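So the structure is just underneath, and the comments pick up after that.
The values are calculated or read from the model by the stated rules, or taken from the named source; none is laboratory data. All figures in this text were calculated on a predicted structure; none of them were measured in a lab. Every residue, glycine among them, receives a Cβ derived from its backbone with ideal geometry; neighbour counts consider all protein chains shown. Surface accessibility is based on the protein's heavy atoms, side chains included, excluding ligands, DNA and RNA. Shrake-Rupley method; radii C 1.70, N 1.55, O 1.52, S 1.80 Å.
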Amino acid sequence: MTVSWQRARNSVMLNLLFILLAVISVFVFFKGGTIYGGGDLTFHINRIEELVNAVKNHNSFLTLFSFTTFNAVGSANQLCYPNLTLLPFVLFRLLLKNPITAYYCGVIFYTYLTFACGYFSLKRFNGKTRQAITFALLYGFSHYRLVDIFTRFDLGEWLALTFLPLVFLGVYEVLFRDYHKWYYLVLGMTLIIYSHILTFVLTAGLIVLLACVSLGWRKKELLPRSGALLGAGAATLLLSAVELYQIIIVYHGNVLYTPNNKAGFWSSALGLHEVFELPWANNIANYMGILSLLIPLLFLLCIRRAKLFYKLCYGLLLLSLIVSSKLFPWFLFKNTPLTVIQFPWRFLLYFTFLNALIGSQLLEAFWEHTKIRRFAKLGYPLCLLLIVILGVTSLRNFKQLESSNQVVANPQNISHGWPAYHIFNADNYKLLLKNNLNFIYVDYWPQESITQARSLAQKEVTRRGTVIGKLTWTSFENDVVTGSFTSKVSGSGALPVLYYGQQYEISLNGKVVAYTASKQGTLQLKEIHAGQNKISLKIKTNPLVTVFKIISICGWIGLCLFLSLQWLKRSAKSVNAGFINFKE
């Protein structure tokens, strides 16, 4: 058997293993065909369904306002959140009849991608296949990652976690090893932008801090490494230009409600019992699990023999845990822009990565120093199996807990409290999209419109606070939304559509009319006829959006060509890169 054939076979086997593990990771919930709701489930399911409708009805993703979901008031949720990485969920939703199956297929796809990305990143980092597999499993089954998708349903942050190993590989290359491999950083950061903007901001801030420390220490290579880092930043902005510009045009000239947690910012940080006591229950109802404590404690016992690199990683791990908890004085920042992160425990993102990295090194060091080879051959797969079992057990424990706390959603109970906290299946899935007057998402609405949320959700056409009609949408296709309403009087009136500037060309009864912003942050028309009115809103094509789309596409084509050339130049022989030479 040739070396190339053996490599191909091993690669296929490894990918099949990752696919199997991805299926196992959702099987606890998938087998029952149910979603145990919570967190932002309703929000992200509405995002997916709006995109599904856009594909079916030929609406542009680049200028997509919500007229089929999110109470159909033309909110800018789709523009303030990246859509690109949701496309696999959209594809499965279009291909599969059962929406629950489609959702879990999307989770399986990205879980596989997380395993693959984790393995690739660590294999490129030190060339050790065994440690790369261990890291991939520790990271893919990490407690916080499972919390993100099965408890919080923070789909954006969960997607960003997929690409975080690639970012840290790129940072390592640029700051410490071969800065010519800046493209890892570009690829990772760009994909995070297309997943979750807040994670991008936090990660960019962390990279800047690491760069300031490391480049200050390694002054001999300050200029080329600084240039590589700045070049990687510029390339990232180039590849994500269209996404970033979309957000800019929505915020420009508008004062929007951005989710924050000023009232509960300090209180949401992890308490000591959440850090040291609850993890032993191994339940994703908590933010930390058994391995979240076990790995740091075991490393502490071995820290004297550890390489300096891993000691530094351990320091960063402890720092990320501290800033996630009440040990950090977050109460001093409750009235600052930092509240946009909402919850200090978001920094568990980095704890999760570092914990998996340190855990994989602990196991690798153990196997390397094991004299009995038979024990190593048997013990290694058993350790991998234990990682999987702990992950699956944390899901099973949560399901048992929620089975006694939650009830199956129906039209009666869905309207009381947070709609997401119910059990959903294929039969009641549409209740996630219901126009719920008791719970209305006002994220990214104009500030002045929030007080009128209930009126807007009921599609009330108003004049000076008085209802003069109710609007009914009939279609949304080819970037045109049409509807009608019967007005009690003629004259001016405010439509139940949010105002984000001159984004539409409005036709009223076949005639193009001008509009302004009402005092409620909605579309204000000057001439409404008494009686039946037919209206259409055509979303305008922004020429600059097209320009930035072309720039981003050209950037991606250029990066793909560059990576292809790099691959062609690279020897077929595996490169064992090793670590940087830290001086003890």
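Taking 8 Å as the Cα distance limit and 6 or more residues as the minimum spacing, I'd like the relative contact order of region 259-397 as a percentage. Present the calculation step by step, with values, prior to reporting the outcome.
Details: 132 pairs, mean separation 50.5, N = 139.
Relative contact order comes out at 36 percent.
Wrap a convex hull around the Cα atoms of region 259-397, take a quarter of its surface area, and give that in square nanometres. Mind showing how you got there, number by number?
On the way: hull surface 39.0 nm².
Answer in nm², one decimal: 9.7.
Which angle from 0 to 90°, rounded to the nearest 10, does the C-alpha axis of helix 241-251 make with the longest principal axis of the chain?
For helix 241-251, the angle is close to 40 degrees.
Averaged per residue, what accessible area in Å² does region 61-164 show with a 1.4 Å probe, protein chains only?
Values: 2310 Å² over 104 residues.
Counting only protein heavy atoms, the per-residue value for region 61-164 is 22 Å².
Based on the mean of other beta carbon atoms within 10 Å per residue, what is the order of 87-94, 545-552, most packed first?
On the way: 87-94: 18.9, 545-552: 16.2.
Ranking the peptides 87-94, 545-552 by packing returns 87-94, 545-552.
Rounded to the nearest 20 debye, what is the charge dipole size of region 259-397 about its Cα centre when +1 sits on each Lys and Arg Cβ and -1 on each Asp and Glu Cβ? Please report the intermediate quantities before stating the final value.
Values: 13 positive and 4 negative charges, 76 e Å.
The dipole magnitude comes to about 360 debye.
Points 7 angstrom from Cα along the Cβ direction at Glu505 and Trp556: gap in nanometres?
2.8
Could you name the lysines in cross-link range of Lys526, using Cα to Cα under 22 Å and dropping any fewer than eight places away on the same chain?
Lys459, Lys470, Lys488, Lys511, Lys534, Lys538, Lys540
Compute the distribution of all C-alpha to C-alpha distances in region 455-539, in bins of 5 Å from 0, and list the percent of pairs in each, rounded to whole numbers.
Result, from short to long distances: 3, 16, 29, 30, 18, 4, 0 percent.
Jot down the per residue volume, in cubic angstrom and as a whole number, of the convex hull over the alpha-carbon atoms of region 169-250.
Taking the convex hull of the Cα positions in region 169-250, it is 81 Å³ per residue.
Match the structure shown to one of the listed values [x] 50; [y] 32; [z] 27 of percent of Cα pairs over 42 Å apart, computed from it, and give that label.
[z]
Can you give the alpha-carbon Rg of region 1-113 over 2.2 N^0.38 Å, where N counts its residues?
Numbers: Rg = 17.7 Å, N = 113, 2.2 N^0.38 = 13.3 Å.
Dividing the Cα radius of gyration by 2.2 N^0.38 Å gives 1.33.
When the convex hull of the Cα atoms of region 138-190 is projected onto a plane and the area is averaged over all directions, what value comes out in nm²? Before the final figure, lay out each step's value.
Numbers: hull surface 15.5 nm².
Convex hull of Cα atoms, orientation-averaged projection: 3.9 nm².
So what's the back-of-envelope 222 nm ellipticity for the chain, counting only DSSP H runs of four-plus at -39500 (n - 2.57) apiece and dividing by all residues, rounded to 500?
Values: 19 runs with 308 residues, N = 584.
For the chain, the value works out to -17500 deg cm²/dmol.
Taking the chain as the reference, fit the longest principal axis to its C-alpha atoms, fit the long axis of helix 308-323 to the helix C-alpha atoms, and give the angle between the two in degrees, 0 to 90, nearest 10.
30
Lysines near Lys219 by alpha-carbon distance under 24 Å, same-chain residues fewer than 8 away left out - which ones?
Output for Lys219: Lys181, Lys307, Lys311, Lys583.
Accessible area per residue, 1.4 Å probe, Å², for region 328-372: what's the number? Before the final figure, lay out the partial values.
Numbers: 2020 Å² over 45 residues.
Spelled out: the 1.4 Å probe surface of region 328-372, per residue, equals 45 Å².
Using only Cα atoms and rounding to the nearest 10 degrees, what angle (0 to 90) does helix 155-176 make with the longest principal axis of the chain?
For helix 155-176, the angle is close to 40 degrees.
Ile440 versus Trp5, label points 7 Å from Cα toward the beta carbon: distance in nm?
Spacing of the two 7 Å Cα→Cβ label points: 6.8 nm.
Where a ≥ b ≥ c are the square roots of the eigenvalues of the C-alpha gyration tensor, would you call region 108-256 rounded, which needs a/c under 1.5, or, failing that, prolate if a/b is larger than b/c, or oblate? Intermediate results must be reported in sequence, preceding the final value.
Values: a/c = 2.05, a/b = 1.03, b/c = 2.00.
Because a/c hits 1.5 or more and a/b fails to exceed b/c, region 108-256 counts as oblate.
Going by the alpha-carbon gyration tensor, a ≥ b ≥ c the square roots of its eigenvalues, is region 319-478 rounded (a/c under 1.5) or, if a/c is not under 1.5, prolate (a/b greater than b/c) versus oblate? Mind dumping the intermediate values first?
Numbers: a/c = 3.34, a/b = 1.97, b/c = 1.70.
Note, shape of region 319-478 comes out prolate.
Give or take rounding to whole Å, what are the principal axis extents of the alpha carbon atoms in region 391-472, in descending order?
57, 26, 17
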